[in-house]
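Here the structure comes first, spelled out in structure tokens, and everything after it is commentary.
What follows draws every value from the coordinates through simple rules; no lab data is involved. Nothing here was measured: the structure is a model prediction, and the numbers come from that model. All Cβ positions, even for glycine, are placed from backbone atoms using ideal geometry, and neighbour counts span all protein chains on display.
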Amino acid sequence: MADYTVTCNGAEPDASGVLYAIIVYYDGESFYSYVSSESDVASAQNVRTALYEQPVWFTDIWRAPSSALFVSDADGQVHVFRAGGWTAAQISERALNTVWGFAETLAYTGGDDGIVYRWDGTGWVAISPPLGSTILCIRGTAPADLYVCGEDSLLWHYDGSAWTQITIPTNVVLVGLLVLSPADILVSGQGGTLFRGSGAAWTDVSQPGRDFYKMALFRGDIHIAGGGDGVLVFDGVGVRPIKDNIVVYRLSAVETYLAAAGGNLAARFDGAGWFGARYT
């Protein structure tokens with residue numbers, strides 16, 4: 001039997017508690033990925049369903065308000081699930097690392113070619129030139145208020161017509177973005193890097209001593225994936241752990257649940273208790 005490594009590269013909750021996750025298997029030569037759903041990880045009657053599988057490396061997952069699922073991969077494709085089933089579109093010749101959007105008919109992706117692509121419900125088009133390095137995250141408040149971050153301290157803003165590069169005093173990989181309002185954005189990265197602001201005005205609120213990854217707002221609190229430090233909450237001044245015995249790189253949230261993914265685990269938090277599913 002082949003010896004595989006198993007990685008959970010993302011998890012998305014819905015309001016009822018169903019957890020959607022992407023799981024990547026690697027045998028040292030090739031990748032095989034699944035989209036899985038967990039009906040209720042807090043219940044002994046939890047049902048795991050394999051929704052989709054492909055011989056590629058799934059890199060990110062986003063669930064639209066309509067319940068459509070968007071999954072990016074390292075072969076430059078985005079896979080989308082709607083009522084009629086799954087479809088895949090080849091968008092780039094290089095890996096896509098992130099997918100996110102506002103609606104089933106308005107989504108974005110980007111990756112190693114440094115270009116932002118937009119889905120309008122009928123097709124994908126490039127809406128940026130190459131921005132200089134690998135894109136790892138895209139977030140915004142509106143189509144005319146988008147931010148992207150990535151490797152080599154990549155940070156840009158899009159106002160609907162033009163892209164503006166943002167320079168902050170760091171040279172680390174910037175992994176996560178959390179947009180609280182048009183005037184209040186956080187960007188996170190290696191070494192506990194954390195900047196807060198908007199436009200050209202940013203304040204350094206970094207927390208050295210750990211690495212920061214993706215972020216999510218859940219029940220009014222800013223949650224940060226801390227890798228081996230688990231899940232942290234940032235109160236505007238410092239961070240405190242709320243779950244420190246799991247590895248977490250990805251976070252997402254709806255009103256009722258926070259979802260965390262990392263290692264071989266997808267977990268769900270309802271504000272009181274954590275429950276998860278491990279993949280082997």
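Scanning the stretch 80-127 for residues that are farther than 18 Å from R139 by Cβ, of a type in the set (D, E) and either in contact with a helix residue (DSSP H, G or I) (Cβ under 7 Å, 6 or more places away or on another chain) or surrounded by 13 or more Cβ atoms within 10 Å (Cβ to Cβ) (or both) returns D112, D113. Scanning the stretch 252-279 for residues that are free of Cβ contacts under 8 Å to residues at least 60 places away in the same chain and assigned to a strand (DSSP E or B) yields F269, W274, R278. P130 meets the conditions (1) within 21 Å of D73 (Cβ to Cβ); (2) in contact with a strand residue (DSSP E or B) (Cβ under 8 Å, 6 or more places away or on another chain) in every case but one. The failed one is (2).
Scan the stretch 189-237 for residues that are of a type in the set (F, W, Y) and under 25 Å from E12 (Cβ atoms) and jot them down. Hits for the stretch 189-237 are F212, Y213, F218, F234.
Is it the case, given these coordinates, that V41 is closer than 24 Å to T122 by Cβ and not basic (K, R)? Judged against the criteria, V41 is not a match. Candidates in the stretch 141-184 are the residues that are assigned to a loop (DSSP other than H, G, I, E, B) and of a type in the set (A, V, I, L, M, F, W, C); of these, the one that is surrounded by the fewest Cβ atoms within 10 Å (Cβ to Cβ) is A162.
Residues are listed down the side, and each one gets a yes or a no for (1) in contact with a Lys or Arg (Cβ under 8 Å, 6 or more places away or on another chain); (2) buried (at least 19 other Cβ atoms within 10 Å of the Cβ); (3) in a loop (DSSP other than H, G, I, E, B):
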{"residue": "L186", "(1), (2), (3)": "yes, yes, no"}
{"residue": "L194", "(1), (2), (3)": "no, yes, no"}
{"residue": "G197", "(1), (2), (3)": "no, no, no"}
{"residue": "T203", "(1), (2), (3)": "yes, no, no"}
{"residue": "Q207", "(1), (2), (3)": "no, no, yes"}
{"residue": "Y213", "(1), (2), (3)": "yes, yes, yes"}
{"residue": "H223", "(1), (2), (3)": "no, yes, no"}
{"residue": "V237", "(1), (2), (3)": "no, no, yes"}
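The single residue among R219, R268 that is basic (K, R) and within 20 Å of T7 (Cβ to Cβ) turns out to be R268.
Say whether the condition of being of a type in the set (V, I, T), more than 30 Å from Y158 (Cβ to Cβ) and in contact with a strand residue (DSSP E or B) (Cβ under 8 Å, 6 or more places away or on another chain) is met by at least one residue in the stretch 188-200. Checked against the condition, which is being of a type in the set (V, I, T), more than 30 Å from Y158 (Cβ to Cβ) and in contact with a strand residue (DSSP E or B) (Cβ under 8 Å, 6 or more places away or on another chain), the stretch 188-200 yields no hits at all. Can you tell me which residue within the stretch 89-134, out of those that are among the aromatic types (F, W, Y) and out of contact with any Gly (no Cβ under 6 Å at 6 or more places or on another chain), is farthest from V179 (Cα to Cα)? Top of the filtered list is W124. The number of residues in the stretch 239-249 that are over 16 Å from Q190 (Cβ atoms) and not in a loop (DSSP other than H, G, I, E, B) comes to 4. Annotation: of all residues in the stretch 41-70 being over 19 Å from the mean Cα position of the chain (by Cα) and part of a loop (DSSP other than H, G, I, E, B), the one that is surrounded by the most Cβ atoms within 10 Å (Cβ to Cβ) is V41.
Just give me the residues in the stretch 104-131 being part of a strand (DSSP E or B) and under 17 Å from Y147 (Cα atoms), in sequence order. The answer is L106, A107, Y108, T109, G110, G111, V116, Y117, R118, W119, A126.
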